[in-house]
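The values are calculated or read from the model by the stated rules, or taken from the named source; none is laboratory data. Since this is a predicted model, take the numbers as computed values, not measurements. All Cβ positions, even for glycine, are placed from backbone atoms using ideal geometry, and neighbour counts span all protein chains on display. Surface accessibility is based on the protein's heavy atoms, side chains included, excluding ligands, DNA and RNA. Shrake-Rupley method; radii C 1.70, N 1.55, O 1.52, S 1.80 Å.
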Amino acid sequence: QVHLVESGGGLVQAGGSLRLSCAASRSIFSINSMGWYRQAPGKQRELVATITDTGTTNYADSVKGRFTISRDYAKNTVDLQMNSLKPENTAVYYCNGLARYEYWGQGTQVTVSS
């Protein structure tokens, strides 16, 4: 069992930056893939970025070049650096871990004002 807790969300103006962090309750060495997903009001949850245990990353086309995902084995965290934020990035952002089972955090709200 792994508990994931997100932090770092908030309100930011368009063009600004935020850094989200996901803290795992235990070592993330055995978690094959970790990532960030988001869900905007009235929309389905969608992938933002993932990173595997070998460091391979994958990004949604809409965030490529602006968002960076990273994984810290010493801290057992997965961070998402978000730059050049746009109002359409407003959503609840969820941390995800995929090992033998799939784990989700509670989510953190990101609001980008125009």
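Report yes if Ala74 is free of Cβ contacts under 8 Å to residues at least 12 places away in the same chain and over 20 Å from Gln106 (Cα atoms), otherwise no. Criteria met by Ala74.
Residue pairs whose Cβ atoms lie under 7 Å apart, separated by 6 or more positions or on different chains, with the first residue in segment 29-43 and buried (at least 21 other Cβ atoms within 10 Å of the Cβ) and the second part of a loop (DSSP other than H, G, I, E, B) and not charged (D, E, K, R), are Ile31/Val2; Ile31/Ala99; Met34/Ile28.
Of the residues making up segment 1-51, just one is under 15 Å from the mean Cα position of the chain (by Cα), part of a loop (DSSP other than H, G, I, E, B) and either on the phi > 0 side of the Ramachandran plot or of a type in the set (Asp, Glu) (or both), namely Gly8. One residue is enough: does segment 57-71 have a residue meeting the conditions open to solvent by 30 Å² or more (accessible area, probe 1.4 Å), touching a residue at least 40 places away in the same chain (Cβ under 8 Å) and touching a Ser or Thr at 6+ places or on another chain (Cβ under 9 Å)? Within segment 57-71, one or more residues are open to solvent by 30 Å² or more (accessible area, probe 1.4 Å), touching a residue at least 40 places away in the same chain (Cβ under 8 Å) and touching a Ser or Thr at 6+ places or on another chain (Cβ under 9 Å). Among the residues of segment 31-56 satisfying the criterion of being in contact with a Ser or Thr (Cβ under 6 Å, 6 or more places away or on another chain) and of a type outside the set (S, T, N, Q), which is nearest to Gly16 (Cα to Cα)? The selected residue is Gly35. Under the condition of being farther than 17 Å from Cys22 by Cβ and in contact (Cβ under 8 Å) with a residue 24 or more places away in the chain, the residues counted in segment 90-114 number 5.
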